[in-house]
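Q: Sending over a structure as structure tokens; questions will come in a sec.
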């Protein structure tokens with residue numbers, strides 16, 4: 001009996017050793033399979049954002065795309081150099097160029113007609129954001145919203161040197177592609193970013209708008225107008241050309257361009273066009 005017992009124990013021990021060897025071999029196989037294979041090719045570097053792509057949360061005017069040289073006229077001589085994101089009040093494009101206004105904070109003694117010497121820093125919010133490349137006369141002065149004496153310099157800028165996303169017509173076309181609902185609720189972030197003002201004196205319509213650049217006209221009219229009826233965006237009026245999908249073009253008075261969405265009722269469109277034309281013709 002003992003002999004049988006010893007024999008059975010020997011078989012069990014042998015089986016345990018064999019199973020343990022199989023398990024160890026299996027573990028070794030799994031580890032080899034899970035071990036990452038070394039690649040000879042280098043991993044691609046993380047893409048670096050292209051300079052000049054970032055934009056501020058609020059866009060009142062166009063922004064410089066990287067370091068930009070401003071000229072004293074179209075294809076003229078360099079007048080100033082500004083840093084990335086500096087605000088430029090660019091006018092209507094003409095053959096790839098725009099007249100623009102550049103502002104700089106001044107000393108309290110510097111007024112209209114003062115000549116700023118070459119190398120004078122351009123200052124915004126107390127920080128240097130560029131410099132003059134030649135002597136420049138201040139065109140006008142005013143107090144900004146912080147009460148700081150501010151001067152205006154007239155220049156010219158190439159359209160290619162403006163951030164596309166800071167040009168409201170470009171930004172609007174892209175935004176409407178991403179938000180095809182065309183409701184007031186979906187348009188609110190865009191209205192907020194471009195700081196559009198509201199106007200309800202063309203009842204029953206509500207407009208959100210900004211003004212054209214004073215670089216072309218010291219008393220500018222509307223630039224971009226978002227027209228709403230019952231919280232629905234029915235169309236866009238603009239002093240400049242737009243590329244909007246699924247819209248019907250209407251030529252408005254005083255050179256304005258109208259773009260009405262295809263689902264806007266014809267009678268509603270006619271009513272708005274009539275009221276808009278009456279309003280802009282009555283304006284100074």
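Q: Identify the residue in segment 165-192 that is free of Cβ contacts under 8 Å to residues at least 12 places away in the same chain and in contact with a helix residue (DSSP H, G or I) (Cβ under 7 Å, 6 or more places away or on another chain) and, among all such residues, is farthest from residue 234 (Cα to Cα).
A: Ranking the candidates gives 170 first.
Q: Would you confirm, using the coordinates I've provided, whether residue 66 is surrounded by fewer than 16 Cβ atoms within 10 Å (Cβ to Cβ) and at pLDDT 95 or above?
A: yes
Q: Please go through (1) crowded, with 20+ Cβ neighbours inside 10 Å; (2) in contact with a helix residue (DSSP H, G or I) (Cβ under 6 Å, 6 or more places away or on another chain); (3) over 19 Å from residue 181 (Cα atoms) for residue 228 and return the number of the only condition it doesn't satisfy.
A: Result: residue 228 passes all but (3).
Q: Then there is this: For segment 73-84, what are the residues that are part of a loop (DSSP other than H, G, I, E, B) and modelled with pLDDT of 95 or more?
A: 77, 83, 84
Q: Okay, next question. Any chance segment 153-169 includes a residue that's modelled with pLDDT of 95 or more and surrounded by fewer than 15 Cβ atoms within 10 Å (Cβ to Cβ)?
A: Yes, some residue in segment 153-169 is modelled with pLDDT of 95 or more and surrounded by fewer than 15 Cβ atoms within 10 Å (Cβ to Cβ).
Q: Within segment 224-257, how many residues turn out to be under 14 Å from residue 276 (Cβ atoms), free of Cβ contacts under 8 Å to residues at least 60 places away in the same chain and either outside the structural domain of residue 203 (by TED's automatic domain parsing) or within 25 Å of the chain's Cα centre (by Cα) (or both)? Before the answer, list the steps.
A: First, the residues of segment 224-257 that are under 14 Å from residue 276 (Cβ atoms): 224-229, 234-239, 250-257.
Among the residues that remain, those that are also free of Cβ contacts under 8 Å to residues at least 60 places away in the same chain are: 224-229, 234-235, 237, 250-257.
Those left that are additionally either outside the structural domain of residue 203 (by TED's automatic domain parsing) or within 25 Å of the chain's Cα centre (by Cα) (or both): 224-228, 234-235, 237, 256-257.
Qualifying residue count, segment 224-257: 10.
Q: Exactly one of these conditions fails for residue 214: (1) touching a helix residue (DSSP H, G or I) at 6+ places or on another chain (Cβ under 6 Å); (2) under 18 Å from residue 90 (Cβ atoms); (3) in contact (Cβ under 8 Å) with a residue 40 or more places away in the chain. Give me its number.
A: (1)
Q: Continuing with the same structure: Just one of 172, 176 is closer than 25 Å to residue 94 by Cα, at pLDDT 95 or above and either under 16 Å from the mean Cα position of the chain (by Cα) or not in a strand (DSSP E or B) (or both); which is it?
A: Unique residue meeting the criteria: 172.
The values are calculated or read from the model by the stated rules, or taken from the named source; none is laboratory data. Note that this is a predicted model, so its numbers are computed, not measured. Quick reminder, even Gly has a Cβ in these numbers, built from the backbone with ideal geometry, and neighbours come from all protein chains shown.
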